[in-house]
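Below: one structure, written as structure tokens.
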Amino acid sequence: MRKWLVEIREERGLTQEEAANKSDIERSYYNMIERGKRRPSVEVAQKIGLALHFDWTYFFEDDVTERHVHVTYKSNGREEN
């Protein structure tokens, strides 16, 4: 499971459906990505990162921790809607 992705989505006040819609992907696909069952393509990772305001490359880093993403997310001033 990508807890960091769940945390960012929830901090944004979004449901999986809303996050998927903002990312222009199917909710079922978004759900699989969030649960770690699927790895997104670069294009989809970029869409999700843009929609949720975080660095899309986190999807492809092996050592991403929830704390790292949370701190980076906050420090980049990305809390606006």
Selected residue (criterion: modelled with the lowest pLDDT) from residues of region 53-77 that are touching a helix residue (DSSP H, G or I) at 6+ places or on another chain (Cβ under 9 Å), of a type outside the set (D, E) and part of a loop (DSSP other than H, G, I, E, B)
T65
So R9, is it surrounded by 15 or more Cβ atoms within 10 Å (Cβ to Cβ) and of a type in the set (K, R)
yes
Give me the pairs: first residue in region 1-13 and over 15 Å from W56 (Cα atoms), second residue loosely packed, with under 15 Cβ neighbours inside 10 Å and at pLDDT 95 or above, beta-carbon distance under 8 Å, and six or more apart or on different chains, which are they?
M1/R35
Between a residue in region 14-29 that is touching a residue at least 24 places away in the same chain (Cβ under 8 Å) and any residue that is small (G, A, S), which pairs come within a Cβ distance under 6 Å, given they are 6 or more apart or on different chains?
K22/A51; S23/A51
Restricting to helices (runs of 4 or more DSSP H) lying wholly in region 2-52: which have 1 or more residues that are among the β-branched types (V, I, T)?
3-11, 27-34, 42-52
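The values are calculated or read from the model by the stated rules, or taken from the named source; none is laboratory data. Values in this document were obtained by computation on a predicted structure and should not be read as measured data. Cβ: placed from backbone, ideal geometry, glycine included. Neighbour counts: every protein chain shown.
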